[in-house]
1. Quick one: in the stretch 119-140, which of the residues that are open to solvent by less than 60 Å² (accessible area, probe 1.4 Å) and not in a helix (DSSP H, G or I) is farthest from Asn256 (Cα to Cα)?
2. Name the residue that is nearest to ligand 4 (Cβ to nearest atom), counting only residues in the stretch 8-24 that are over 17 Å from Ile56 (Cβ atoms) and among the polar types (S, T, N, Q).
3. Name the pairs whose Cβ atoms lie under 8 Å apart, with the first residue in the stretch 125-151 and touching a residue at least 24 places away in the same chain (Cβ under 8 Å) and among the polar types (S, T, N, Q), the second part of a loop (DSSP other than H, G, I, E, B) and more than 13 Å from ligand 1 (Cβ to nearest atom), and 6 or more positions between them or separate chains?
4. With the requirement that a residue be open to solvent by 40 Å² or more (accessible area, probe 1.4 Å) and among the polar types (S, T, N, Q), what does the stretch 38-51 give you?
5. All but one of (1) away from ligand 1 (no atom under 16 Å from the Cβ); (2) hydrophobic (A, V, I, L, M, F, W, C); (3) open to solvent by 10 Å² or more (accessible area, probe 1.4 Å) hold for Val259; which doesn't?
6. Take the stretch 163-172 and flag every residue that is modelled with pLDDT of 95 or more and open to solvent by 50 Å² or more (accessible area, probe 1.4 Å).
7. Starting from the stretch 77-106, keep only residues that are in contact (Cβ under 8 Å) with a residue 60 or more places away in the chain and open to solvent by less than 30 Å² (accessible area, probe 1.4 Å), then list their pairs with residues that are within 14 Å of ligand 1 (Cβ to nearest atom) and small (Gly, Ala, Ser) whose Cβ atoms are within a distance under 7 Å, requiring at least 6 positions of separation or different chains.
8. Take the residues of the stretch 141-158 that are under 28 Å from Asp97 (Cβ atoms) and within 8 Å of ligand 1 (Cβ to nearest atom): which is surrounded by the fewest Cβ atoms within 10 Å (Cβ to Cβ)?
Amino acid sequence: MLIDLHTHSTASDGTDRPAALVATAQAAGLDVVALTDHDTTAGWTEASAAVPAELILVPGLELSCRWNPPDGSRSTELHLLGYLVDPAHPELAGTLDRLRHNRLGRAARMTERMTADGVPVRWERVAELADGASAGRPHIARALVEAGVVGSVDEAFESLLNSGSPYHEPKEDLDALTGVRLVISAGGVPVFAHPLARARGRVVGDDVVTALAGAGLAGLEVDHPDHTEADRAHLRGLAAELGLLVTGSSDYHGTNKRVRVGEGGRTAPAAYEALVRRATGYAPVSG
Ligand code: AMP
Ligand code: ZN
Ligand code: FE
Ligand code: FE
């Protein structure tokens, strides 16, 4: 069984529509694919209606969170995958609305700062590219590529959009412990996404993973394209120590990233089955 538990569609910052994403997953030979857009469940309906025969869709999301150390020292951004949540859970739906509203304002401010500095990029175009989706830096990146400011989305992140850039502004993220509890209260299964993806910024230590496990974290995304072999070995050991599930995925974003669906990491069938057994908020969708 080929299982990929982390992908993005045009409901956030991927480039495949949800219907195209499930078709692509089946064409790539996958048996199970999870749709995990940033801070939204908006792609679930279209993806569910388009699930091809012989593919199982696991509806999910990727929550933008932040670890706030109890001693008040500097916080660290982290991503939490939430599988099979009840999308109508009022507290979850309200939180997602707030996060997306903040994403939109932040993308507008980042873009307008560039415009004011003479970078030929317009918010109107970025908003068009985001088209009601959960807005993110990849939408700004595409507008920068279109305007000829940079040659690729990667280059946009390297030059103007990374967290050290004067144009960058952090998102308003959800406290990570709150995120774990929220996913659980919505009937879902929380998994720490790419815990050691250092290329994106600072990462947290094992002590934080332990604290999240204490709050009910169910798994670690061990096999991810941004993890080295050493990272994977370390996380596998930590997961065993803490009794956490081990998952793997591509974090596919269509043409916004180079990885293809089903590549860079996969989930073992036993871990997938254990994950589904823990969920009470929603069920996988068969084609
Ligand atoms: P944001 O959510 O607005 O902070 O933007 C972060 C998103 O951009 C994440 O989904 C990343 O997967 C994506 N991202 C980060 N670095 C890159 C990159 N070099 N190229 C394309 N996407 C990236
Ligand atoms: Zn993304
Ligand atoms: Fe992520
Ligand atoms: Fe992701």
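The values are calculated or read from the model by the stated rules, or taken from the named source; none is laboratory data. Computed from a predicted structure; not experimentally measured. Methodologically, a virtual Cβ is constructed for each residue, glycine included, from the backbone with ideal geometry; neighbour enumeration extends over all protein chains shown. Side chains are part of the model used for accessible areas, which takes the heavy atoms of the whole protein and leaves out ligands, DNA and RNA. Shrake-Rupley method; radii C 1.70, N 1.55, O 1.52, S 1.80 Å.
1. Val119
2. Only one residue fits best here, namely Ser12.
3. Ser134/Ala42
4. Residue satisfying the conditions is Thr45 alone.
5. It fails just one condition, (1).
6. Selection gives Pro166 alone.
7. His79/Ser64; His79/Ala193; Leu80/Ala193; Leu81/Ala193; Leu99/Ser64; Arg103/Ser134; Arg103/Ala135; Arg103/Gly136
8. Among residues in the stretch 141-158 that are under 28 Å from Asp97 (Cβ atoms) and within 8 Å of ligand 1 (Cβ to nearest atom), the one surrounded by the fewest Cβ atoms within 10 Å (Cβ to Cβ) is Phe157.
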